[in-house]
Amino acid sequence: MKKEILTRLFLPIVAIVLTTVACGNRKANTEKALSEDLTAKKMLQGVWLDEDEEDPAFRVIGDTIFYPDSTSQPAYFQIVKDTLILHGSNIVKYQILKQAPHFFMFKNQNGDVVKLAKTLDRSYLTFFEAKRPAALNQNKLIKRDSVVVYGNDRYHWYIQVNPTTYKVVKPTYNDDGVEVDNVYFDNIIHLGLFRGATQIYSRDIRKDDFGKQVPSQALKQSILSDIVYAGAGTDGFHFNASVCIPDSPTSYQILIIVGFNGSIKYKI
């Protein structure tokens, strides 16, 4: 009897708590939605040109900004109060100085003022035709091989650079000083070594194999660019692997030593 009374008292309390939580969530979501300036977002729809040079800067469709170059990824954006917020690899904020239906002025990350004008000229749409981000690395199959005589034996090494669809995203800045995500495509490189008809070593090599030689942050933005034959010595056959950050002078050269018994070592 006491248990039934407690249950009857407890159930309404649970219902009240659940209703309060649900109302609280709805209120939080509503406040989050209201924090974005939808009128300003609507005004930003269309194609925008640099006011001085009349070059296309970007096109806005819905909640996405598209860039005219094929290497830059589209970015989701918000306008909250006087701030343009771009969501890419990083969340970046730009102060809006002035906005009107056909004029947009903001500060880029260098503090420079960027002035844009909206155009109704439909010929500019060709700059934003649907296309995949282009790879800035070689993006082609490369095969190399050679026969080397060492000691009393003939060795045959074989390298094949295989382009992949694995994306490497690197933040960079466009001509307006706006941070954009450029897309590159990594390679997987097959390395093989034979003594006559006997296979000594055969394996696909990826950039992640060099996690101990290349700092993690640099490795994340790098591609495995190439592997080239460098010679033979008493410790085995030497190959140089290039792990590079695209469009940057930063490059790591890793020596791959394939031993005569098929062992492998990596050295910076």
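The values are calculated or read from the model by the stated rules, or taken from the named source; none is laboratory data. Since the model is a prediction, treat every value here as computed from it, not as a measurement. Heads up, the Cβs are rebuilt from the backbone with ideal geometry, glycines too, and the neighbour counts pull from every protein chain shown. With ligands, DNA and RNA removed, areas are computed over all heavy atoms of the protein, side chains included. Shrake-Rupley method; radii C 1.70, N 1.55, O 1.52, S 1.80 Å.
Take the solvent-accessible surface of the protein heavy atoms, probe 1.4 Å, and return the percent of it on segment 217-268 that carbon and sulfur atoms account for.
53
What residues qualify as long-range amide H neighbours of D226, i.e. H under 5 Å apart, gap of 5 or more or another chain, H built at 1.01 Å from N?
Residues meeting the criterion, in which the H sits 1.01 Å from N, are S242.
For segment 57-198, compute Rg over Rh where Rg is the Cα radius of gyration and Rh is the Kirkwood radius from the inverse mean 1/r over Cα pairs.
On the Cα set of segment 57-198, Rg over Rh gives 1.25.
How large, in percent, is the carbon and sulfur part of the accessible surface of segment 37-191 at a probe radius of 1.4 Å?
Carbon plus sulfur share of accessible area: 48 percent.
Determine which aspartates and glutamates satisfy two conditions relative to K207: a Cα distance under 18 Å, and not lying fewer than 8 residues away in the same chain.
Filter leaves D186, D226, D247.
Based on alpha-carbon centroids, what's the gap between segment 138-176 and segment 231-265 in Å, whole number please?
12
Once fully extended, how much extra length lies between Q199 and H238, figured as 0.36 nm per residue of separation less the alpha-carbon to alpha-carbon distance?
So the extension gain works out to 12.4 nm.
For segment 124-268, what does the accessible surface come to per residue with a 1.4 Å probe? Please give it in Å².
On a per-residue basis, 53 Å².
Modelling each spin label as a point 7 Å along the Cα-to-Cβ direction, I'd like the S251/F103 distance in nm, to one decimal.
Reported label-point gap for S251 and F103 is 4.8 nm.
Can you tell me the alpha carbon radius of gyration of segment 162-268 divided by the globular rule-of-thumb value 2.2 N^0.38 Å?
Computed over Cα atoms of segment 162-268, the ratio equals 1.24.
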